[in-house]
1. Count, please, the residues in the stretch 230-242 that happen to be surrounded by fewer than 19 Cβ atoms within 10 Å (Cβ to Cβ) and touching a residue at least 60 places away in the same chain (Cβ under 8 Å).
2. Can you pull out the residues in the stretch 83-100 that are touching a Lys or Arg at 6+ places or on another chain (Cβ under 8 Å), in a strand (DSSP E or B) and not charged (D, E, K, R)?
3. Out of Val186, Val152, which single residue is more than 14 Å from the chain's Cα centre (by Cα), part of a helix (DSSP H, G or I) and modelled with pLDDT of 90 or more?
4. Name the pairs whose Cβ atoms lie under 6 Å apart, with the first residue in the stretch 60-82 and modelled with pLDDT under 95 and in a strand (DSSP E or B), the second surrounded by fewer than 23 Cβ atoms within 10 Å (Cβ to Cβ) and among the polar types (S, T, N, Q), and 6 or more positions between them or separate chains?
5. Kindly establish whether Val186 is within 24 Å of Ala143 (Cβ to Cβ), of a type in the set (A, V, I, L, M) and touching a helix residue (DSSP H, G or I) at 6+ places or on another chain (Cβ under 6 Å).
6. Would you confirm whether any residue within the stretch 255-278 is in contact (Cβ under 8 Å) with a residue 12 or more places away in the chain and in contact with a helix residue (DSSP H, G or I) (Cβ under 8 Å, 6 or more places away or on another chain)?
7. In the set Ser170, Ser227, Ser201, which member is surrounded by 16 or more Cβ atoms within 10 Å (Cβ to Cβ) and touching a residue at least 60 places away in the same chain (Cβ under 8 Å)?
Amino acid sequence: MPFTPHRACQWQLLSWTLAAPAGAVWLDMIHGTIERRVLLNYRLDPATLQRALPRPFRPKLYHGYGVGGVCMIRFSGLRPRLVPRWLGLGSENAAHRIAVEWEQDGEPREGVFIPRRDTDSRFNQMFGGRAFPGIFERSTFEAHEESSSVSVRIVRSDGGDEVAFAGHVSESLPRTSIFPSLAEAVGFFSLGATGYSATHSEGHYHGMELRCLNWSVVPLEVEEAHSCFFDDRERFPAGTAQLDCALLMRGIAHEWHSRPDLYLSPSGESLTARHVGPAS
């Protein structure tokens, strides 16, 4: 196996990870470029969505609807502080996201809950939850892009499609969207920069905040859209999860910042950053 600069960076990250205390998420910031980010969005029946969320997360509503979707993102030059870009890593990743609110140590908070993450990177799968927040499923990504179109298919390890999307650049959002304008949609999703995802321990969540240093967003007209999560009729009966819109971002300088782990409070009605008991 050739020892490339990228592999050297992976080995360096590995050595730092193995030297970290057990259970520690030590990598407080990584940065790079978002080469492509597609946000495929659904409008969701609030009562049905609440049943799909773990306590104490609540749907964040927009015009009476819950909002969820899939973020399909390709990174390049992803690296920790002080590491040069040429040693940065690239990968295809996806996250199912649901806009949520919650109480945390007596304060109202908002962000996104992430029930599933996928990656084509063995490194992300192996060290997600150890070197950086988030536990990933290893999947195959089939992405095709041109200047005015993009398609992404995510295939699980069992061979089934997890997500399938195709679309082309449009001048506006669809008239059926709950968002009256592109600016309204961008404003809503920019407030969901902090995401919390489940760990292997019930009631314990890893957090990560995405900071985009520049924004360039265009709407997409959807040609194909499929998500195993949102198309599951046991989870979302017919009519409770409807395709709303899709957005495209390209060439975005960004930073990922780790956020404190959260734990279900003893009452079960809120989350807390103060953990009592053995760490997961």
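The values are calculated or read from the model by the stated rules, or taken from the named source; none is laboratory data. If you're wondering where the values come from, they're calculated on a predicted model, not measured in any experiment. Reconstructed Cβ throughout: ideal geometry from the backbone, glycine too, with neighbour counts over all protein chains shown.
1. To start, the set of residues in the stretch 230-242 that are surrounded by fewer than 19 Cβ atoms within 10 Å (Cβ to Cβ) comprises 231-235, 237-239, 242.
Still in the list and also touching a residue at least 60 places away in the same chain (Cβ under 8 Å): 235, 237, 239, 242.
Matching residues across the stretch 230-242 total 4.
2. First pass over the stretch 83-100, keeping only residues touching a Lys or Arg at 6+ places or on another chain (Cβ under 8 Å): 85, 87-96, 99-100.
When the remaining residues are screened for being in a strand (DSSP E or B), the result is 89-96, 99-100.
Listed by number, the residues that qualify are Leu89, Gly90, Ser91, Asn93, Ala94, Ala95, His96, Ala99, Val100.
3. Numbers: Val152 fails: part of a helix (DSSP H, G or I).
Val186 is the lone residue from the list that is more than 14 Å from the chain's Cα centre (by Cα), part of a helix (DSSP H, G or I) and modelled with pLDDT of 90 or more.
4. Phe75/Ser91; Ser76/Thr33; Gly77/Thr33
5. no
6. no
7. Working: Ser170 fails: touching a residue at least 60 places away in the same chain (Cβ under 8 Å); Ser201 fails: surrounded by 16 or more Cβ atoms within 10 Å (Cβ to Cβ).
When all the criteria are applied, what remains is Ser227.
Results for (1) more than 18 Å from Ala94 (Cβ to Cβ); (2) modelled with pLDDT of 95 or more; (3) in contact with a Leu (Cβ under 7 Å, 6 or more places away or on another chain); (4) part of a helix (DSSP H, G or I), shown as yes or no for each residue.
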{"residue": "Leu173", "(1), (2), (3), (4)": "yes, yes, yes, no"}
{"residue": "Ser197", "(1), (2), (3), (4)": "no, no, no, no"}
{"residue": "Ser201", "(1), (2), (3), (4)": "yes, no, no, no"}
{"residue": "Leu220", "(1), (2), (3), (4)": "no, yes, yes, no"}
{"residue": "Ala238", "(1), (2), (3), (4)": "yes, yes, no, no"}
{"residue": "Ala246", "(1), (2), (3), (4)": "no, yes, yes, no"}
